[in-house]
Amino acid sequence: MKVIARIHSDFKEKFGIPRQSGLVPQTRATIVFEPEYRNVDALRGLEGFSHLWLLWIFSENVRDTWKPTVRPPRLGGNTRLGVFATRSSFRPNPIAMSCVKIEKINLTGENAPSITVSGADLMDGTPIVDIKPYLPYADSVPEATGGFAEAVRFKKLQVDFAAEVQASMDGSEIAPDASCAKFPAEKKAALVELLSEDPRPAYQRSADRIYGIRFAGFEIKFQVQGDHLTVVAILPLQA
């Protein structure tokens with residue numbers, strides 16, 4: 001198979017990426033086609049659809065071996081299930097799929113044509129091998145059952161910001177050595193929704209630990225106590 005495109009997203013590493021597509025619809029990403037496939041005719045008719053299926057490669061998990069069972073995070077990482085009964089990234093073939101919403105089809109500008117989408121769960125630079133339109137009449141199955149994934153749901157967390165972090169986000173004066181920085185206001189809703197999904201590994205639930213995810217050019221440091229998550233620092237990543 002050939003790589004037809006790569007995604008440009010705010011996720012620079014695997015940790016913290018939503019566990020499934022569509023869980024954080026406020027996120028934005030751009031599908032940029034490889035030069036060979038950068039042709040407006042390839043997108044003709046796409047404007048009539050609202051969502052896409054992306055088929056992509058788990059490029060950070062490519063390996064020569066495989067195991068018939070894996071440990072799904074939703075079950076705490078302690079229970080083994082068959083690999084084909086999960087969406088684990090550790091598979092015989094590292095192929096993934098995501099359903100995303102089309103926000104804009106860009107026919108002009110740098111690297112045009114490109115597609116801006118929301119709800120993507122792909123790390124920045126992830127290779128995409130195919131794009132297909134989502135068909136509501138065929139792809140939606142209201143009576144479908146969700147197995148263990150339906151029975152065990154992650155509880156959303158309440159998200160707050162430490163006083164000094166909130167001050168920086170509001171544009172107040174911040175001391176040069178303060179452990180926070182001005183975060184883009186237009187990405188705050190996506191950040192809150194992302195954190196409410198509890199990005200911690202299922203097997204790590206320490207109330208004393210400071211966790212960190214990289215999002216939108218910043219390292220977001222947070223602590224979780226019970227159902228309450230507090231952002232304690234926002235640090236700009238070094239270029």
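List the residues, sorted by chain then number, that are 5 or more residues from ALA233 or on another chain and whose placed amide H is less than 5 Å from its amide H.
Under 5 Å from the amide H of ALA233: LYS221.
Multiply the residue gap between ASN78 and GLN26 by 0.36 nm, knock off their C-alpha separation, and tell me the result in nm, one decimal place.
15.6 nm
By what distance, in whole Å, do the Cα atoms of the range 1-137 stretch along each of the three principal axes, largest value first?
Reported extents, whole Å, longest axis first: 49, 32, 29.
Quick one: 3J(HN,Hα) in Hz for the range 8-24, Karplus 6.51/-1.76/1.60 with θ = phi - 60°, rounded, Gly and Pro as x.
Using θ = phi - 60°, the values come out as 10, 10, 8, 9, 8, 8, 5, 5, x, 5, x, 5, 8, 5, x, 6, 10 Hz.
Could you tell me the accessible area of HIS228 in Å² (1.4 Å probe, neighbours in place), rounded to the nearest ten?
Looks like 60 Å² after rounding.
Putting +1 on Lys and Arg Cβ atoms and -1 on Asp and Glu Cβ atoms, find which of HIS8, PRO25, TYR37 reaches farthest to the positive end of the dipole of the range 6-49.
Final value for the positive-end residue is PRO25.
Where does each of LYS155, LYS221 land when they are ordered by accessible area, with a 1.4 Å probe and the largest first?
LYS155, LYS221
Enumerate the calculated ³J(HN,Hα) couplings along the range 100-109 in order (Karplus 6.51 cos²θ - 1.76 cosθ + 1.60, θ = phi - 60°), each rounded to whole Hz, writing x wherever the residue is Gly or Pro.
Result, ordered by residue: 10, 9, 6, 9, 6, 9, 8, 9, 10, x Hz.
Share of the chain's accessible area from carbon and sulfur, percent, 1.4 Å?
Carbon plus sulfur share of accessible area: 52 percent.
Can you put ASP198, ASP227 in order of accessible area, largest first, using a 1.4 Å probe?
Sorted descending by solvent-accessible area, the residues read ASP227, ASP198.
Just grab the label-to-label distance for GLU219 and GLU36, each label 7 Å out from Cα along the Cβ direction, in nm (one decimal).
Each label point lies 7 Å from its Cα, and together they span 3.8 nm.
Rolling a 1.4 angstrom probe over the protein heavy atoms, how many square angstrom per residue are accessible across the chain?
For the chain, the per-residue accessible area is 57 Å².
Could you tell me which residue out of TYR134, LEU157, ALA85 lies farthest along the dipole of the chain toward its positive end? Charges go on the beta carbon: Lys and Arg +1, Asp and Glu -1, centred on the Cα centre.
Highest projection toward the positive end goes to ALA85.
Do any trypsin sites (Lys or Arg not before Pro) in the range 50-82 lie in a DSSP loop with no more than 14 other beta carbon atoms within 10 Å, and if so, which?
ARG63, ARG80
Please get the size of the charge dipole for the range 1-121, origin at its Cα centre, with Cβ charges of +1 on Lys and Arg and -1 on Asp and Glu, quoted in debye to the nearest 20.
In debye, rounded to 20, the range 1-121 gives about 620.
Could you give the dipole magnitude of the range 4-57 about its Cα centre, charging the beta-carbon of Lys and Arg +1 and that of Asp and Glu -1, in debye to the nearest 20?
Here the size comes out at about 200 debye.
Mind putting a number on the dipole of the chain about its Cα centre? Charges go on the C-beta only, +1 for Lys and Arg and -1 for Asp and Glu, and I need it in Debye to the nearest 20.
840 debye
The values are calculated or read from the model by the stated rules, or taken from the named source; none is laboratory data. Owing to the predicted nature of the structure, the values given are computational and were not obtained by experimental measurement. For neighbour counting, all protein chains shown are included, and Cβ atoms are generated from backbone atoms with ideal geometry for every residue, glycine included. We work out accessible area using only protein heavy atoms, side chains counted, and drop any ligands, DNA or RNA first. Shrake-Rupley method; radii C 1.70, N 1.55, O 1.52, S 1.80 Å.
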